[in-house]
Protein chains: 2
Amino acid sequence: MEEVAAMVRKYVFGNPIDTESVVKEFPVEKGNVPYFEVAINEKTMKLSMAANDKVYGLGETVRGINKRGFRYTSNCVDDHVHTEDKSSLYAAQNFFVYWGSDKRFGMFVDTPGKVSFDIGDREINTFEIDLEDFDANIYVIDGDSIMDIVRRFRGIIGKSYIPPKWAFGFGQSRWGYMNEQDVRDVVDNYDKQDMPLEAVYLDIDYMENYKDFTVNKERFPAFKEFVEEMKGRGIHLIPIIDAGVKIEDGYDVYEEGVREGYFVKKENGENLVAAVWPGKVHFPDFLNEKARNWFGNKYKFLLDQGIDGFWNDMNEPAIFYTEDHLKEVFEEIKVLEGQNLDVLSFFKFQGLVEGLSNNAEDYKRFYHDYKGQKIRHDKVHNIYGYNMTRAAGEAFERLCPDKKILMFSRASYIGMHRYGGVWTGDNQTWWSHLLLNIQQMPGLNMCGFLYCGADTGGFWGDTTEDLLMRWTQFSIFTPLFRNHSLKDTRNQEYYRFTNKKDFRNLLRLRYALIPYLYDQFTKAAVEDDMLFKPLCFEYPEDEMAYEVEDQLFVGDSIMVAPVYRQNSVGRYVYLPETMKMVRFRSPEDYDEEVLGKGNHYIKAAINELLVFVREGKKLPLAGPANRTGDINEKDMIYITGPHCC
Amino acid sequence: MEEVAAMVRKYVFGNPIDTESVVKEFPVEKGNVPYFEVAINEKTMKLSMAANDKVYGLGETVRGINKRGFRYTSNCVDDHVHTEDKSSLYAAQNFFVYWGSDKRFGMFVDTPGKVSFDIGDREINTFEIDLEDFDANIYVIDGDSIMDIVRRFRGIIGKSYIPPKWAFGFGQSRWGYMNEQDVRDVVDNYDKQDMPLEAVYLDIDYMENYKDFTVNKERFPAFKEFVEEMKGRGIHLIPIIDAGVKIEDGYDVYEEGVREGYFVKKENGENLVAAVWPGKVHFPDFLNEKARNWFGNKYKFLLDQGIDGFWNDMNEPAIFYTEDHLKEVFEEIKVLEGQNLDVLSFFKFQGLVEGLSNNAEDYKRFYHDYKGQKIRHDKVHNIYGYNMTRAAGEAFERLCPDKKILMFSRASYIGMHRYGGVWTGDNQTWWSHLLLNIQQMPGLNMCGFLYCGADTGGFWGDTTEDLLMRWTQFSIFTPLFRNHSLKDTRNQEYYRFTNKKDFRNLLRLRYALIPYLYDQFTKAAVEDDMLFKPLCFEYPEDEMAYEVEDQLFVGDSIMVAPVYRQNSVGRYVYLPETMKMVRFRSPEDYDEEVLGKGNHYIKAAINELLVFVREGKKLPLAGPANRTGDINEKDMIYITGPHCC
């Protein structure tokens, strides 16, 4: 370990807030940050890039695997339209690897405030990092290969969260299951179609008026018994927990939080009033250790009823509006109303109203109590969701130390990877978001987030059968495999479509793969490795490997090459080594062919997916099961790669 | 011609409004529309698709070349966020070719109202056409090949618009050139960098308070002289014309329109008051022949000052708000203000304000006088922009019959292709929009729109040097080649970037290609052919040709395969025949290699583009020129394809 530590150098700008992302102590280096030219005010670091230098990492962001050519801003935000121009998504994961012709290193910019990474956006060959505040811990990590650097970085941030094995089962979700009968119907239908299912997610409607740690008694009159009933059928119920706590007299969470001073406060000391799903809410101050412990303990209400998995949502935090801001806008509208609106004032009017939600200025209206210090929210914005999930993770350790609980979150920051996974948030029913899902996995893995996945089929909008089928063909490889959709969109449970048999076969294939996936996942977590690797991470000397951004190694034995273009019945695949192509239609029905290193166009009909078994490796497939508990790991089939025993 | 006519059958639902899209007379068939099952109310036509049946056409729409798997709605709309989920863009072009295993035909659904084409969206194998109104002329076109069907269809809608040759030169545009000095600076900079340039576009700021057919006297104190000055330098100025006419006492266009009753009217006979760029406006009733003539004649104001090109904008028509609707919204807001907004009422509030613009209900608030009939706008919505451009095109015939005028439009409907081209509207600085640009070209060509192109580099958002370079590498093949961007975004004139030489070479290559492009364009217009063809249109027996949606034949001699992925330095290319690959860095600097039929991965650095010269064909390249008038067509170089003389 001595050698590893020596490869990590820590630099300090100003007086940084401790994010507790890094779990090891490092001496502070005296000299300049290497590779970059740092401005005197320590707000800007610049580096000149050679034409083919590459940058990898930054977690959950838009665009391709190589992050060059865009400006990314770490600023957790509730924005569901993940188009190419969005600098910020839900996560803030400030680790990257610079892989150039003469500069090769990793860097973690550890600061809970806004950071932007302009990687050749304004100027094609300039990499500029801008810190909104100058306070930051900067870790520079050297290594002989990308994977070397990644593993060293992971070594300083602590081990990744490992979920229970059943969390590798398939979960059906939808914002729109209104009551226990809706949930029962879903399970009945999956069972009726003999389709595997492991979990049903409960979106916000299970609660009483969207109040955390309540259950709506009309919709779920005997919740504990219902959880028990589902468990008897091998089904886990996974409720959502939102960051905002409804303001309502008599609601214990609200009243305790007010009494104990656990909510975030305005400059004047009053609790901030914002609106989210429950209407007016206060936000728990997850940065305050006491508040964190208190909120974490609240999960007990659901744990006690047999719940063993949760998803934390709206924890950027999302804000529909703040009470104060809304008042101001209504005042401004009154002024505008009387006027003969010209175009500019009309756009101002529209902008005022649209700008009520997730407004940057609102994040300056409230304060945290962090280690005894009063800190304005925007300075620590990016660690809010992290600390909500940490509240839960730490509580699970206290409340049920012997049991693994499923936990994943929407907002995140490096450090949170120790307490839970992430899903990539409210995506769209777009083919481009299937590709984005593929391309986001390595960046997330690099930052320690191994348990992750996207809303399969797309959350917003009406999915189509072909998109859902292609997406599922990738999602059966992601640790979190969930089909989720928005209220009032087309229903997208697998049993609703024309080609049910094809979907059943895909779900069955997932279950056949679970022993392999869970094994490889656990290994990656323990060894600070990645589950999803781009080709160039393993073949750094192969120029073509850098070109490929739509194929991934999944664990040690296989490479996947998903079809992600509508109406395509095949795709180009690059093999960096001789491999055995497996064209799966089901766990039992597949074609095999050994293909040489190089480029291939490989056919894959809508119900076929492509897996490539590596040289000297084998892919184990378990026999049929509709629940992870029923998987027979003793009776495995092995598909062997070329030159494998 | 007898034979051709026999292959086109006309069916009539109800009592359709004549769009004047089709220029030939056809007897009305008595029987049922073939191929489809038509519902009794004639609002729905259904067809069952086999798994690999394909659908091409529908003009300017999102997604790939094969339109299967989505629901397209013809409904011209001012929406600049052309994500995959947008059923409607600016255009309404209701012609498609169905190319299946046992059904092969073309269809033109000729109705000026809303039509939706659900091509396997709700149900994977069902093609359903829904007419909002049942009145429509349905043309069914048979043929032995896709191109056969396309040519027959084109034969019934009249010849495509042919612009002057200089319109194939490069045009620099930006909403943000405020005065003659800004324009002069652009021209100076292009000249200084020895970069070709043919035109500068004038966006709305050249006008006096956004009033059509006015010029701002402070910004352009001697407009005619300035036009002359620019013409002296070989530069055309191309002003924008918007659909809305500003309400302002003393403004002649407004006063004449009111006096003559040429504006669209509300139910009660008052002129509709809407707001667009000038603030409050009336909309000319382009469907009224007299109003059309009147408005067309107004272009004379600019023609007389030496202007010889125009772009018609905002003619869906775009509506920021209507006066009546805004009043209603303010009333509703008053009610909401007093309430303790819950989440639903808050979203209602946001929705009310957001919904003010381009609101479907507003299109039901006004009426046209079409051939003596009072018709509510929504029933004829899709032919409004068409008739604005027709107003101009017909006027040019009257005013300057011996001169070709450049004209293109944002909104369109089939029929408008006789009067002008289109640009694909306010796109985004997205790599996916470069691909969209490529994929939209064949659909537009099929519908008769040959003079077309996209805002190169992207209109909304900050472009990057690499995106602009890759985009330009495709745009140098589109008839309309314009670099255009939005106010307050990053400036994107070519001379502003690091690698000026590479951009100069691309512009020079465009000019070298103009003789070929203009020749092929004119031929396509005269022969009812397409300029941009997907591979499968020429190789219907080649299965792989159907898979390729990112390569196009451009004219008879070449195929292009643009690189459209960020950070890629190469791409897969499929050759349906032996071709000569030409890797251009400039018109003088290129690699040549004959490659066989099949798949290839071909390198293309950021400053290189790939052209493939076809078997037995040659690509002419003209010598260097910075204006089309300076192109020496006598001194051509020919790059020959395999087996060419």
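The values are calculated or read from the model by the stated rules, or taken from the named source; none is laboratory data. Fair warning: this is a prediction, and the values are worked out from it, not measured in the lab. Don't worry about glycine lacking a Cβ; one is built from the backbone with ideal geometry, like all the others, and counts go over all protein chains shown. Heads up: the accessible areas ignore ligands, DNA and RNA and are worked out on the full protein's heavy atoms, side chains in. Shrake-Rupley method; radii C 1.70, N 1.55, O 1.52, S 1.80 Å.
Counting only residues that are of a type in the set (S, T, N, Q) and either more than 10 Å from chain A (Cβ to nearest Cβ) or over 25 Å from B:Ala50 (Cβ atoms) (or both), how many does the stretch B:112-138 have?
Summing the residues that are of a type in the set (S, T, N, Q) and either more than 10 Å from chain A (Cβ to nearest Cβ) or over 25 Å from B:Ala50 (Cβ atoms) (or both) in the stretch B:112-138 gives 2.
From (1) open to solvent by 40 Å² or more (accessible area, probe 1.4 Å); (2) modelled with pLDDT of 95 or more; (3) outside any strand (DSSP E or B), pick out the condition that doesn't hold for A:Ala625.
Only one criterion is unmet by A:Ala625, namely (1).
Quick check: is even one residue across the stretch B:363-375 within 14 Å of chain A (Cβ to nearest Cβ) and open to solvent by 10 Å² or more (accessible area, probe 1.4 Å)?
No, the stretch B:363-375 has no match at all.
Here is a list of conditions, (1) in contact with a helix residue (DSSP H, G or I) (Cβ under 7 Å, 6 or more places away or on another chain); (2) polar (S, T, N, Q); (3) at the interface with another protein chain (Cβ under 9 Å from one of its Cβ atoms), and B:Ser357 meets all of them except one; can you say which number that is?
(1)
Here are B:Ser88, B:Ser101: which of them is in a loop (DSSP other than H, G, I, E, B) and closer than 24 Å to B:Leu450 by Cβ?
The match here is B:Ser88.
Is it true that A:Lys280 is open to solvent by 20 Å² or more (accessible area, probe 1.4 Å), part of a strand (DSSP E or B) and not aromatic (Phe, Trp, Tyr)?
The answer is yes for A:Lys280.
Filter the stretch A:251-273 for residues that are over 29 Å from the mean Cα position of the chain (by Cα) and in a loop (DSSP other than H, G, I, E, B); which is nearest to A:Phe295 (Cα to Cα)?
Here the answer is A:Gly261.
If I ask for residues that are of a type in the set (Gly, Ala, Ser) and crowded, with 22+ Cβ neighbours inside 10 Å, which ones from the stretch A:283-308 would you list?
A:Ala291, A:Gly296
Among (1) free of Cβ contacts under 8 Å to residues at least 60 places away in the same chain; (2) farther than 26 Å from B:Asp313 by Cβ; (3) assigned to a strand (DSSP E or B), there is one condition B:Lys46 misses while meeting the rest; what is its number?
Result: B:Lys46 passes all but (1).
Against the definition (buried (at least 18 other Cβ atoms within 10 Å of the Cβ), more than 23 Å from A:Val187 (Cα to Cα) and either among the charged types (D, E, K, R) or out of contact with any Leu (no Cβ under 6 Å at 6 or more places or on another chain) (or both)), how does A:Asp528 come out, yes or no?
Spelling it out, A:Asp528 is indeed buried (at least 18 other Cβ atoms within 10 Å of the Cβ), more than 23 Å from A:Val187 (Cα to Cα) and either among the charged types (D, E, K, R) or out of contact with any Leu (no Cβ under 6 Å at 6 or more places or on another chain) (or both).
Could you count how many residues in the stretch B:72-94 are closer than 17 Å to B:Glu128 by Cβ and in contact with a helix residue (DSSP H, G or I) (Cβ under 8 Å, 6 or more places away or on another chain)?
Looking only at that region, the number is 2.
Tell me, please, whether a residue that is surrounded by 20 or more Cβ atoms within 10 Å (Cβ to Cβ), over 20 Å from A:Arg63 (Cα atoms) and not charged (D, E, K, R) can be found in the stretch A:125-135.
yes
Can you name the residue in the stretch B:577-635 that is within 14 Å of chain A (Cβ to nearest Cβ) and charged (D, E, K, R) and is also farthest from B:Phe503 (Cα to Cα) among such residues?
Top of the filtered list is B:Lys597.
Being open to solvent by 10 Å² or more (accessible area, probe 1.4 Å) and more than 19 Å from A:Pro164 (Cβ to Cβ) narrows it down to one residue among A:Lys500, A:Lys523; which is it?
Result: A:Lys500 is the single residue among A:Lys500, A:Lys523 that is open to solvent by 10 Å² or more (accessible area, probe 1.4 Å) and more than 19 Å from A:Pro164 (Cβ to Cβ).
For a quick check of your reading of the model, give me the residue pairs whose first member lies in the stretch A:150-163 and is at positive phi, whose second is surrounded by fewer than 24 Cβ atoms within 10 Å (Cβ to Cβ) and not in a loop (DSSP other than H, G, I, E, B), with beta-carbon atoms closer than 9 Å and at least 6 apart or on different chains.
A:Gly158/A:Arg418
Can you pull out every residue in the stretch B:248-276 that is within 14 Å of another protein chain (Cβ to nearest Cβ) and open to solvent by less than 50 Å² (accessible area, probe 1.4 Å)?
B:Val273, B:Ala274, B:Ala275, B:Val276
Report every pair of residues separated by at least 6 positions or lying on different chains whose Cβ atoms are under 6 Å apart, first residue within the stretch A:67-95 and more than 10 Å from chain B (Cβ to nearest Cβ), second surrounded by fewer than 24 Cβ atoms within 10 Å (Cβ to Cβ) and among the basic types (Lys, Arg).
Once the first residue is more than 10 Å from chain B (Cβ to nearest Cβ) and sits in the stretch A:67-95, its partners that are surrounded by fewer than 24 Cβ atoms within 10 Å (Cβ to Cβ) and among the basic types (Lys, Arg) give A:Asn75/A:Lys114; A:Ser87/A:Arg71.
Can you tell me how many residues within the stretch B:108-123 are farther than 13 Å from B:Ser74 by Cβ and without any contact (Cβ under 8 Å) to a residue 40 or more places away in the chain?
The qualifying residues number 1.
Would you mention how many residues in the stretch B:115-166 are more than 30 Å from B:Tyr516 (Cα to Cα), among the aromatic types (Phe, Trp, Tyr) and in contact with a helix residue (DSSP H, G or I) (Cβ under 9 Å, 6 or more places away or on another chain)?
Going through the stretch B:115-166 one residue at a time, the tally reaches 1.
Read through the list (1) over 23 Å from A:Tyr451 (Cβ atoms); (2) in a loop (DSSP other than H, G, I, E, B); (3) within 27 Å of the chain's Cα centre (by Cα), then give the number of the only condition that A:Trp175 fails.
Only one criterion in (1) over 23 Å from A:Tyr451 (Cβ atoms); (2) in a loop (DSSP other than H, G, I, E, B); (3) within 27 Å of the chain's Cα centre (by Cα) is unmet by A:Trp175, namely (1).
Go through the stretch A:557-573 and give me each residue that's within 14 Å of chain B (Cβ to nearest Cβ), open to solvent by less than 10 Å² (accessible area, probe 1.4 Å) and either free of Cβ contacts under 8 Å to residues at least 60 places away in the same chain or touching a Gly at 6+ places or on another chain (Cβ under 7 Å) (or both).
Within the stretch A:557-573, A:Ala561, A:Gly570, A:Val573 qualify.
Among the candidates B:Tyr451, B:Tyr419, single out the residue that is of a type in the set (Phe, Trp, Tyr), buried (at least 24 other Cβ atoms within 10 Å of the Cβ), away from every other protein chain (no Cβ under 14 Å) and more than 20 Å from B:Ser173 (Cβ to Cβ).
Only one candidate passes the filter, namely B:Tyr419.
In the set B:Ile514, B:Ile476, which member is open to solvent by less than 10 Å² (accessible area, probe 1.4 Å), away from chain A (no Cβ under 14 Å) and within 22 Å of B:Leu435 (Cβ to Cβ)?
Result of the check over B:Ile514, B:Ile476: B:Ile476.
Go through (1) more than 19 Å from A:Ser74 (Cβ to Cβ); (2) in contact with a Leu (Cβ under 6 Å, 6 or more places away or on another chain); (3) open to solvent by less than 10 Å² (accessible area, probe 1.4 Å) and name the single condition A:Trp460 misses.
Condition (3) is where A:Trp460 drops out.
List pairs: first in the stretch A:337-352 and in contact (Cβ under 8 Å) with a residue 24 or more places away in the chain, second open to solvent by 20 Å² or more (accessible area, probe 1.4 Å), Cβ under 6 Å, 6+ apart or cross-chain?
Cβ pairs passing all conditions: none.
Of all residues being away from chain B (no Cβ under 14 Å) and out of contact with any Leu (no Cβ under 9 Å at 6 or more places or on another chain) in the stretch A:531-556, which is farthest from A:Gln440 (Cα to Cα)? Just the residue, please.
So, considering only residues that are away from chain B (no Cβ under 14 Å) and out of contact with any Leu (no Cβ under 9 Å at 6 or more places or on another chain), the one farthest from A:Gln440 (Cα to Cα) is A:Glu541.
Among A:Leu507, A:Leu467, which is farther than 17 Å from A:Pro163 by Cα, open to solvent by less than 10 Å² (accessible area, probe 1.4 Å), within 14 Å of another protein chain (Cβ to nearest Cβ) and in a helix (DSSP H, G or I)?
A:Leu467
Any idea which residue in the stretch B:332-342 is farthest from the other protein chains (Cβ to nearest Cβ), counting only those that are at pLDDT below 90 and surrounded by 16 or more Cβ atoms within 10 Å (Cβ to Cβ)?
Restricting to residues being at pLDDT below 90 and surrounded by 16 or more Cβ atoms within 10 Å (Cβ to Cβ), the top hit is B:Leu341.
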